Ligand SMILES: *[C@@H]1O[C@H](CO)[C@@H](O)[C@H](O)[C@H]1NC(C)=O
Ligand SMILES: *[C@@H]1O[C@H](CO)[C@@H](O)[C@H](O)[C@H]1NC(C)=O
C-alpha cells in the first residue's frame, strides 16, 4: 500500500515527454502562431533579424523561411547591434499581425520595446514602426513584451529582474502614449529573476506564465541544481492585478506554481508561450537547453544559440494548467 502511494507521488512529480520536433528546431524565446488564412505555423525567435521558421504542424518538419526584419530595427540602443533582436511576440488583430520585439544590452536596463506589422507573417512583408514608448524607469527593464486583450482593451506585459513583470495599457497598437506601467508579479527573494511572461485566458481566469530562475550561462557545473529556468503560473480573474498561485500566495510576493521544470534532456525550460493549436487545443511551447550539451561543457555565454524548441499540450485541471504528453 505504502509502495503504491509512493508510486503515485512519483507519477505526480514526473513530467511527460517533450513534444516531437523535427527539422529546424533551434530556437530561443519562441513565439508561435498559426496563420489565419491557411493554418500554417510560423515560429519566430531571438536572433539576427528575427528568424522565421515555418511548418504545417507544431511537430515539424520546421523549415527556415527568412527574417522578419532582415535589415534590423530602426531603434537605436547604444551599444546594441540593431539587428540583434530578442523575444518577439506575435498576434493577429483585425487583418494585421503585430510583432513586439526587444533591443537590449544584456544585463542592463538599456533596452527598448519596438513593434512591426505584417498582413501575411512572411519574410519581406514586415514594416517596422520602432519604439512603442514605454517610459524609462529604474523599477523595470523594457524586455520580453507580451500583448493581451482584456475586455476590449489592449495591454503589453513586459519585464524582468529589477521589478520583474509589469503591465501597461496601449493607447494604440503602436504606442503606449501617456499610460503608466504597474507591477503584476514580483519575486521578493534573491535576484528577482522573473521574465518572459505570457498571458493566456481560459475560462474565468487570466493565466500569467512566467520564466523564473537563471536563464543561461549553462555549463557542466552551473547553475546549482534547481536554480535554472523553469516555468511558473499565476492566475487572476481581472488580468491586470490580483495574481495568486495555486496555494493562494500573492504573485507580487514571490508566489508562482511550477508548471514545467528540468527533466530528461529538457534543461531550463522557459521563454514560453501558449498556442491554441487548431487540432491539439492549448499547447505550452518553450525553449530548453539539451542536457547532453550542458554535460558536454555547455556555454558560459548566456546568449548562445544552443536552445531547442519543444511543447506539451496543456490541460486545465481544477482551474490550473498541467502539461500532458
Ligand atoms: C534591406 O536593405 C537592402 C539594401 O539597402 C534593400 O535592398 C532591401 O529592400 C531592404 N529590405 C527590407 C525588408 O527593408
Ligand atoms: C523566487 O525565487 C526563489 C529563489 O530565490 C525560487 O526558489 C522561487 O522558485 C522563485 N519563485 C518563483 C515563482 O519562481
field: Cα-projected label distance for residue 154 with residue 63, points at 7 Å along beta-carbon direction, nm
entry: 3.2 nm
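Mean 1/r over all different Cα pairs, inverted: what Kirkwood radius does the chain give, in Å?
Values: mean 1/r = 0.0505 Å⁻¹.
One over the average 1/r among Cα pairs gives 19.8 Å for the chain.
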statement: Per its Cα gyration tensor (rounded if a/c is under 1.5, else prolate when a/b beats b/c, else oblate), region 1-144 is best filed as oblate
- prompt: Once you have the alpha carbon radius of gyration of region 126-195, what is it after dividing by 2.2 N^0.38 Å, with N set to its residue count?
  reply: 1.13
- request: Please compute P(r) over all alpha-carbon pairs of region 165-219, binned at 5 Å starting from zero, and give each bin as a whole-number percent.
  value: 4, 15, 17, 20, 20, 13, 7, 2, 1
message: Ignoring everything except DSSP H segments at least 4 long, calculate the 222 nm mean residue ellipticity for the chain; use -39,500 (n - 2.57) per segment, divide by total residues, nearest 500.
response: -1500 deg cm²/dmol
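Return 91, 206 ranked ascending by Cβ neighbour count within 10 Å, so the fewest neighbours appear first.
91, 206
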task: Arrange the peptides 311-320, 284-293 so that the one whose residues have, on average, the most other Cβ atoms within 10 Å appears first.
output: 284-293, 311-320
Order of 55, 73 under a 10 Å beta carbon neighbour criterion, fewest first: 55, 73
query: To one decimal place, what Kirkwood hydrodynamic radius in Å is obtained for region 245-314 from all pairs of distinct Cα atoms?
result: 13.9 Å
message: Tell me whether region 43-123 comes out rounded, prolate or oblate; compute the Cα gyration tensor, take square roots of the eigenvalues as a ≥ b ≥ c, and use a/c under 1.5 as the rounded threshold.
response: prolate
Ranked list, fewest to most other Cβ atoms within 10 Å of each Cβ, for 21, 251: 21, 251
query: If you take the square roots of the eigenvalues of the alpha-carbon gyration tensor of region 104-147 and sort them as a ≥ b ≥ c, do you get rounded (a/c under 1.5), prolate (a/b over b/c) or oblate?
result: prolate
query: Relative contact order for region 103-227 using alpha-carbon pairs under 8 Å, separation at least 6, rounded to a whole percent?
result: 16 percent
- prompt: Using the Cα atoms of region 75-171 to build a convex hull, what is its mean projected area in square nanometres?
  reply: 6.3 nm²
- prompt: How high is the relative contact order of region 2-324, given as a whole-number percent (alpha carbon pairs under 8 Å, six or more residues apart)?
  reply: 14 percent
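Read-outs throughout are calculated quantities, based only on the coordinates presented, and are distinct from any laboratory measurement. Here the structure is a predicted model, which means the values were calculated and not measured. Positions of Cβ are backbone-derived with ideal geometry, glycine not excepted, and every protein chain shown enters the neighbour counts.
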